[in-house]
Amino acid sequence: MEFGFDNGPHLKDKDHTSKIMSRLLMALTPIIIFAVYKNGLLPYLEGYTNLYGMLKPLIIILLGVLTSITVEIIYFRFILNKKDNLIEEVKRSYALFPGLFVALTLPINTPLWLVVLGSLIATLIGKLLFGGLGHNIFNPALVGCLFVIASYGALIGARGGYLNPMEIDTIAGVTPLTNLSNINYVGTWSNIVKPFGSLRDFLLGFIPGSLGETSKILILLSFIYLAVTKVIKWVVPVCYVSVVFVMTFIIGTMNNIDIFYPLFHILSGGLLFGAVFMATDPITSPTTRIGQIIFGLGLGLLTVIFRFLSPYPEGVLTSILTMNMLVVIIDKIGAKAKFKKGYLNISLIVLLICIITFSIYIGYNLKSNTNKVDDRFNIIEIREENNKVIYEVTQKGFKGLIKANITIANDKIIDVDITSQSETYWMEMENQNYINRLINKQDDLENVDVVSGATISSNALKAMVENVLADYEVRK
Amino acid sequence: MAKGIKVLSNKSMSLNDQLVECKRPEIVYIPLVNHSKMDCECLVKVGDKVLKGTVIGRRNDNIDLPIHASVSGKVIGIEEKLYCNGEGVKCVAIENDFREKSVDLRGAKKNIASYSKDDFITILKECAVTGMGGGDFPTYIKYKSELNTIIVNAAECEPYITADYMMVKLHADEILEAVDAIMEINGIDKGIIAIKESNIEMRDEFIHYLGTYPKITITMVRNVYPIGWEKLLIKEILGIEYEKLPSDKGIVVNNVSTIYAIYKALKYRRPISKRIVTVTGERLQEPKNILIRLGTSMKNVIEEFGGYIGSSKIRFIAGGPMMGTCLDTDDLVVTKNLNCVLVIDDKDEADLPCIRCGRCIAVCPANICPVLIKDKVNDFESLKYLHPEKCIECGLCSYICPSKIRIRESVREAKKEIRRH
Ligand code: SF4
Ligand code: SF4
């Protein structure tokens, strides 16, 4: 009888890294399908794009995946000179993920060559040059994504940025977060959320954003699945999102903005996608539970800081890459804290102080800025005539500018005189006497129902009235 | 502190049969070993006649413990044989004369509870009672301090092993009698028998006799591994955590088989000469519990009971699947601390790169960070705060690793690195 040898233990858990990766892929599948539907199929069905436009999201995703697999094959074959088991090696390295994630974090209007480049950078620089799977410090996909956005952001923006063919025609401008930064982070439901629909649209994902990030409900479902099946370190996203919630809640409350504000922050941009899929990348996140808590808290703090205090309103990508750098130190704290509780307490206290200080600092500074108005609004002239103030203003509408003279007397708007407009659905608004409704309910604009069929135009008018009132308030 | 996890049990394999006794061996090999001391003094020479219970060797460093012959006969040599930790050790080879002549140790009392504490300790020492769950740690040392609680460890948390269960099935009454006596002698007022909640049968065995001993209670513990580890067991049952030894808190934990050895020692003032070994695994003809004479070569036992099945490579493991040691031959001698021999297929599972999932950390009952230790195996400064020396080698880190990395080996290496400094 021949005797084999193994150090043991001789029982092994049934779970396996390859199964973990399959579950990750499974969790991503609905998100991929939704991305293809929302950015390709839907605009096609609604007649906003052609066949190529319909297939574009799918092409981007496939291209990203194929690129990173190809890069790994070439790398293993020619740089590492592995001839036998080449396919096995590439399989074991889970080559498809960097490219897949790059594709999911990019805007729909990214040129295809840039998708290839981003995926190449992600795989080669983000992963392979560090030593391959398990050795990279930074999340590979984010490295690729950062490269693309930082070097070619303007190019992509010029091509329509994050807006799919349908959104280009129906939503004026930008992603919710860029919009928020344009209006200087403070505002009301009607200029923060309303331009993009309701929080329900945010939840379902029918808002502009990168391919994978928009459907929050699918991301949340994936999160539950991944947490229950132990694929991801669930502590990280929980801490991350909680901190963002708490901080934006404080900031919002200090500026008299309702509870929708923190929810808006959580449901906007890549926060949830980043928290669930990127921040939890096992290789680039801490291994100790305490480390994961610190990591999550730090991510939340950085994201809020980046969102409010840096020129880039997204913040998730940069925060994750920054925290990736600190993982070794954080794990060291995590390991030490197992035997000396002091390490844990001190780090938590420091983080908590930072979280509170920054919330108050940001909240306070926004206050002094409250008066800036959105950039779709312009004041041409303000005249005073016998106790009346007349604003000559423009507001960007559904199609082009809406020009108006707005008269204020006794601190109230008494007249809105539209001098020129080219809105498609103007008649609907006139029919419903929308302008008069605005004037009558000017103290409670939020509750003026928009004219169905002319949502964007109605919102533009409403914003115009709001902006005038805000400006008048300041000047007084 | 992690609380252990549920692992596959595989116990039914060896449970289907009654206890069988193997043939008396022609030659026994008694290793000159106790606990961590691998080279105890030899007190006999070739040609000496010995009886069952003759002291043939002695551990005489900081611990004093005799080593007994398990048969009567003639010393025919000092040979190197495989011990259950995988090392070859010096053994006294005794040719069995099949007369079972025993050393007559006088002074055994009918009422085993009537010994004084000093006598009790002397008896444990002279009968060389040691931990039979695998540790081989001299039991008398545990009783040297003031005690208030005794926990009988019948949790038997390693998969496959049913030797303790078999012991209880046959000797529940004697075990309870011994526990009661130990409590009486040591002034212990709390006696707890710890049984896994999945093992209702074992509880029922005890319940048949429990009425006689009102001071002893049964506690059912979670069916997780490694619940049988003293530290975890005490935490689970009493909610107490201790630094170094359970006796710091007045607690003593003994395995059921060790309790039975104490019973024998008190009743007959004789060391045990046999033990129950679970001989199991899918590559054996007849997995079962076997009563084996100490010093028997496992090779003969396996041959006697039908040998191996199949022809592909096997793994021969001394001990359970989690903590046992893989050996490259079956020429293993049976010792007091060998509770299991496991023979399974040798399936090689290649390891994958570590994905830093952190499961090995989450699962470690010793509360250390195996994957971080692996990163720093040779970095003494870092090891100082990573504390690999706290590892109990339970194997859970390797068990749970989704990349099938034998991460316990890295921790073992780091342990050695610490010891070198
Ligand atoms: S369980 Fe395995 S893969 Fe996970 S961190 Fe530990 S060694 Fe790495
Ligand atoms: S073998 Fe050691 S390091 Fe691994 S889980 Fe058990 S105690 Fe922890």
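The values are calculated or read from the model by the stated rules, or taken from the named source; none is laboratory data. Not measured: the values here are computed from a predicted model. Cβ: placed from backbone, ideal geometry, glycine included. Neighbour counts: every protein chain shown. Keep in mind that these areas ignore ligands, DNA and RNA; they rest on the heavy atoms of the full protein, side chains included. Shrake-Rupley method; radii C 1.70, N 1.55, O 1.52, S 1.80 Å.
General remarks:
- Nonlocal amide H pairs with residue B:102, under 5 Å, H built at 1.01 Å: B:52
- Alpha-carbon centroids, the stretch B:71-93 and the stretch A:1-68: separation in whole Å: 59 Å
- Modelled label reach - residue A:91, point 7 Å along Cα→Cβ, the stretch A:110-144 residues with backbone N closer than 20 Å: A:133-134
- Solvent-accessible surface of the stretch A:147-296, averaged per residue with a 1.4 angstrom probe and all protein chains in place: 32 square angstrom.
- Using alpha-carbon coordinates, inclination of helix A:17-36 to the longest axis of chain A, degrees: 20 degrees
- Take the Cα radius of gyration of the stretch B:359-420 and divide it by 2.2 N^0.38 Å, N being the number of residues; the result is 0.97.
- Where the Cα pairs of the stretch B:1-61 fall when distances are cut into 10 Å bins, in %: 14, 26, 22, 25, 12, 1
- Derived scalar couplings ³J(HN,Hα) [the stretch B:126-133; Karplus, 6.51 cos²θ - 1.76 cosθ + 1.60; whole Hz; x for Gly, Pro]: 5, 8, 6, 6, 10, x, 9, x
- D (Stokes-Einstein, µm²/s), Kirkwood Cα radius, chain A, 0.692 mPa s at 37 °C: 134 µm²/s
- Leading residue at positive end of dipole, the protein assembly as shown (Cβ point charges), from A:287, A:136, B:372: B:372
- At 1.567 mPa s and 4 °C, Stokes diffusion of the stretch B:131-268 via Kirkwood alpha-carbon radius, µm² per second: 88 µm²/s
- Convex hull volume of the C-alpha atoms in chain B, normalised per residue: 141 Å³.
- Only protein heavy atoms count here; under a 1.4 Å probe, residue A:120 has an accessible surface of about 70 Å².
- When only the Cβ of Lys, Arg, Asp and Glu is charged (+1, +1, -1, -1), the dipole of the stretch A:230-342 relative to its Cα centre reaches about 660 debye.
- Chain B: most fluctuating residue of B:120, B:380, B:316 per GNM, C-alpha cutoff 10 Å: B:380
- Pairs of Cα atoms in the stretch A:1-53 fall into 5 Å distance bins, from 0 up to the last occupied one, in shares of 5, 14, 12, 10, 10, 9, 8, 7, 6, 4, 4, 5, 4, 2, 0 percent.
- Across the alpha-carbon set of the stretch A:202-341, the Rg to Rh ratio works out to 0.98, Rh being the Kirkwood radius.
- Max mean-square fluctuation residue, GNM over chain B, Cα-Cα springs under 10 Å, options B:235, B:90, B:274: B:235
- As a size descriptor, the averaged projected area of the C-alpha convex hull of the protein assembly as shown was calculated at 46.0 nm².
- Net +/- balance of residues flanking residue B:64 in space, Cβ distance below 12 Å, scoring K and R +1, D and E -1: +1
- The Cα center of the stretch B:289-349 and the Cα center of the stretch A:78-106 differ in position by 43 Å.
- The 1.4 Å probe gives accessible areas that order A:364, B:263, largest first, as A:364, B:263.
- Whole-percent carbon and sulfur share, accessible surface of chain A, 1.4 Å: 62 percent
- Point-charge dipole on Cβ atoms (K/R +1, D/E -1) for the protein assembly as shown, about Cα centre, debye to 20: 2000 debye
- Counted over the stretch A:377-475 with a bin width of 10 Å, the fraction of Cα pairs per bin, in whole percents, is 16, 53, 27, 3.
- Taking all C-alpha pairs of the stretch B:286-346, those more than 18 Å from each other amount to 29 percent.
- If you take all other residues with their beta carbon under 15 Å from the beta carbon of residue A:213, and give Lys and Arg +1 and Asp and Glu -1, the sum is 0.
- In this structure, the pairs whose alpha-carbon distance is over 29 Å, taken from A:194/A:399; B:109/B:169; B:117/B:384; A:340/B:196; B:244/B:299, are B:117/B:384; A:340/B:196; B:244/B:299.
- Kirkwood hydrodynamic radius (C-alpha pairs) into Stokes-Einstein, the stretch A:13-171, 20 °C and 1.002 mPa s, D in µm²/s: 130 µm²/s
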